[in-house]
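Comments concern the structure below.
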Amino acid sequence: MAGKIAVVGSNMVDLISYVIRMPDRGETIEAPAFEMGCGGKGANQAVAAAKLGADVLMVTKVGDDLFGDNTIRNFQSFGIDTRHVGKVAGTSSGVAPIFVEPSGENSILIIKGANGHLLPADIDRAADDLKACALILLQLEVPLETVYHTIAFGRRHGIATLLNPAPAAPDLDLDRIRGVTYLVPNETELALITGMPVDTPDDAGQAARSLIARGIETVIVTLGARGALLVGRDTVAAIPPVPVVPKDTTGAGDAFIGAFAHFHVQGRDLMTALSQAARYAALSITRPGTQKSYASAGDFAAFGG
Ligand code: RIB
């Protein structure tokens, strides 16, 4: 039986404007369409895994507003365990105004709200349930102390951890994330963490190898339309892209990680799990929205997954 996946991370309400172009400073322009939906990197990864059939535990904080209740109902509609979703009094839920251009590329602002209140003590409270998980997913939309605490917790209890260092955080302490099993940055995040240029897949390989030399076990670099790169102590392997026409790339990285987690805890080998994840993320960018664009297991099978 596949192991359970835990996500210790964020949830947001995505306010997505589909724009013809971004307005200049001081300018007002009209955009053709708007959508609101559940998002946040942690929640997205949880939902992607759950839609594929994974057993998922979510550890997060919502605000005491209408968005908070809706987010909890959304998790539950996908069968996600919400026993460790806390509500913070007097605080808004996290929100993310997002702008998607005709190319499918996006720009995102995040207001963390209640996510900023997910603390190490919340991880300790969820400890018994986390110990029953095979893999814990983390991102950087919650306090860094909570991320470090969870990585150390995973290490102590022999639970694999995956850190997606997004959004890029200049104050991330490499010494305190060394214990992570999988580090999954994109090119920008990898450049920031290593201080090395990451303009080409070769650069990405070199920068990722520098992290392996500094004690990280496995680095998986997401390269957008160029696929992904797996770098371990004795491995460097490219995961080829799955060519599609992009409509909305929002949340594609989260789709990749949620799908990877699902296939990984099912016992697939790393390359198979990563190739399936790349296919799942590619399908998501052909559809508008964030979690809404994630396929169910049936839809994904129809896409060749
Ligand atoms: O990765 C995409 C996500 O980033 C969006 O859902 C938004 O909420 C921000 O967290």
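May I ask you to say which residue of Asn115, Asn164 is farther than 15 Å from Ala6 by Cβ, within 16 Å of the ligand (Cβ to nearest atom) and of a type outside the set (Gly, Ala, Ser)?
Checking each option against the conditions leaves just Asn115.
Which of the residues belonging to region 161-173 are buried (at least 20 other Cβ atoms within 10 Å of the Cβ) and either in contact with an Asp or Glu (Cβ under 9 Å, 6 or more places away or on another chain) or small (Gly, Ala, Ser) (or both)? Spell out how you get there, then give the answer.
Filtering region 161-173 for residues buried (at least 20 other Cβ atoms within 10 Å of the Cβ) gives 161-165.
Those that are buried (at least 20 other Cβ atoms within 10 Å of the Cβ) and either in contact with an Asp or Glu (Cβ under 9 Å, 6 or more places away or on another chain) or small (Gly, Ala, Ser) (or both): Asn164, Pro165.
Please state which of the following conditions His117 fails to meet, knowing it meets all the rest: (1) modelled with pLDDT of 95 or more; (2) in contact with an Asp or Glu (Cβ under 6 Å, 6 or more places away or on another chain).
His117 satisfies every listed condition except (2).
Contact list please: Cβ distance under 6 Å, first residue in region 279-292 and more than 14 Å from the ligand (Cβ to nearest atom), second residue of a type in the set (A, V, I, L, M), pairs at least six apart or on different chains.
Filtered contacts from region 279-292: Arg279/Val242; Tyr280/Ala255; Tyr280/Ala259; Ala282/Val242; Ala282/Val244; Leu283/Ala295; Thr286/Val244.
If Ala295 meets every condition in (1) without any contact (Cβ under 8 Å) to a residue 24 or more places away in the chain; (2) touching a Leu at 6+ places or on another chain (Cβ under 8 Å); (3) among the small types (Gly, Ala, Ser); (4) over 25 Å from Val180 (Cβ atoms) apart from one, which number is that one?
In the conditions (1) without any contact (Cβ under 8 Å) to a residue 24 or more places away in the chain; (2) touching a Leu at 6+ places or on another chain (Cβ under 8 Å); (3) among the small types (Gly, Ala, Ser); (4) over 25 Å from Val180 (Cβ atoms), Ala295 misses (1) alone.
Output yes when any residue across region 33-44 is more than 16 Å from the ligand (Cβ to nearest atom) and of a type outside the set (Ser, Thr, Tyr), and no when none is.
Scanning region 33-44, I find at least one residue that is more than 16 Å from the ligand (Cβ to nearest atom) and of a type outside the set (Ser, Thr, Tyr), so the answer is yes.
Counting only residues that are surrounded by fewer than 16 Cβ atoms within 10 Å (Cβ to Cβ) and either without any contact (Cβ under 8 Å) to a residue 12 or more places away in the chain or more than 23 Å from Ile111 (Cβ to Cβ) (or both), how many does region 3-44 have?
Summing the residues that are surrounded by fewer than 16 Cβ atoms within 10 Å (Cβ to Cβ) and either without any contact (Cβ under 8 Å) to a residue 12 or more places away in the chain or more than 23 Å from Ile111 (Cβ to Cβ) (or both) in region 3-44 gives 11.
Could you tell me how many of the residues in region 6-32 are near the ligand (Cβ under 9 Å from one of its atoms) and either of a type in the set (S, T, N, Q) or at positive phi (or both)?
Summing the residues that are near the ligand (Cβ under 9 Å from one of its atoms) and either of a type in the set (S, T, N, Q) or at positive phi (or both) in region 6-32 gives 2.
Is at least one residue of region 68-78 in a strand (DSSP E or B) and over 26 Å from Pro246 (Cα atoms)?
no
Wholly within region 174-290, which strands (runs of 3 or more DSSP E) include no fewer than the required count, namely at least 2 residues that are crowded, with 18+ Cβ neighbours inside 10 Å?
Working: elements: 218-222, 228-231, 236-239.
Where strands (runs of 3 or more DSSP E) fall fully within region 174-290 and carry at least 2 residues being crowded, with 18+ Cβ neighbours inside 10 Å, they are 218-222, 228-231.
Looking at the structure I just gave you, is Ala54 under 25 Å from Gly304 (Cα atoms), in contact (Cβ under 8 Å) with a residue 40 or more places away in the chain, surrounded by 24 or more Cβ atoms within 10 Å (Cβ to Cβ) and out of contact with any strand residue (DSSP E or B) (no Cβ under 9 Å at 6 or more places or on another chain)?
On the way: under 25 Å from Gly304 (Cα atoms): yes; in contact (Cβ under 8 Å) with a residue 40 or more places away in the chain: yes; surrounded by 24 or more Cβ atoms within 10 Å (Cβ to Cβ): yes; out of contact with any strand residue (DSSP E or B) (no Cβ under 9 Å at 6 or more places or on another chain): no.
Against the criterion (under 25 Å from Gly304 (Cα atoms), in contact (Cβ under 8 Å) with a residue 40 or more places away in the chain, surrounded by 24 or more Cβ atoms within 10 Å (Cβ to Cβ) and out of contact with any strand residue (DSSP E or B) (no Cβ under 9 Å at 6 or more places or on another chain)), Ala54 does not qualify.
Hey, does region 55-72 have a residue that's at pLDDT below 95, more than 26 Å from Ile177 (Cβ to Cβ) and more than 15 Å from the ligand (Cβ to nearest atom)?
Yes, region 55-72 contains at least one residue that is at pLDDT below 95, more than 26 Å from Ile177 (Cβ to Cβ) and more than 15 Å from the ligand (Cβ to nearest atom).
Being under 25 Å from Arg268 (Cα atoms) and either surrounded by fewer than 16 Cβ atoms within 10 Å (Cβ to Cβ) or more than 16 Å from the ligand (Cβ to nearest atom) (or both) is the filter here; which residues of region 122-137 pass it?
Asp129, Leu130, Lys131, Ala132, Cys133, Ala134, Leu135, Ile136
Which members of region 91-123 meet the condition of being in a loop (DSSP other than H, G, I, E, B), without any contact (Cβ under 8 Å) to a residue 40 or more places away in the chain and over 20 Å from Pro23 (Cβ atoms)?
Thr91, Ser92, Leu119
Across region 124-139, what is the total count of residues that are touching a residue at least 40 places away in the same chain (Cβ under 8 Å) and either aliphatic (A, V, I, L, M) or in a helix (DSSP H, G or I) (or both)?
Kept after step one, since they are touching a residue at least 40 places away in the same chain (Cβ under 8 Å), are these residues of region 124-139: 125-126, 129-130, 132-139.
Right, trim to either aliphatic (A, V, I, L, M) or in a helix (DSSP H, G or I) (or both) and you get 125-126, 129-130, 132, 134-138.
Here the count works out to 10.
Exactly one of (1) over 24 Å from Val88 (Cβ atoms); (2) within 16 Å of the ligand (Cβ to nearest atom) is unmet by Leu140. Its number?
(1)
Which numbered condition trips up Ile80, out of (1) surrounded by 16 or more Cβ atoms within 10 Å (Cβ to Cβ); (2) on the phi > 0 side of the Ramachandran plot?
Evaluating Ile80 over (1) surrounded by 16 or more Cβ atoms within 10 Å (Cβ to Cβ); (2) on the phi > 0 side of the Ramachandran plot leaves (2) as the failure.
The values are calculated or read from the model by the stated rules, or taken from the named source; none is laboratory data. Keep in mind that this is a model prediction, so the values were computed, not measured. Virtual Cβ from ideal backbone geometry, glycine too; neighbours counted across all protein chains shown.
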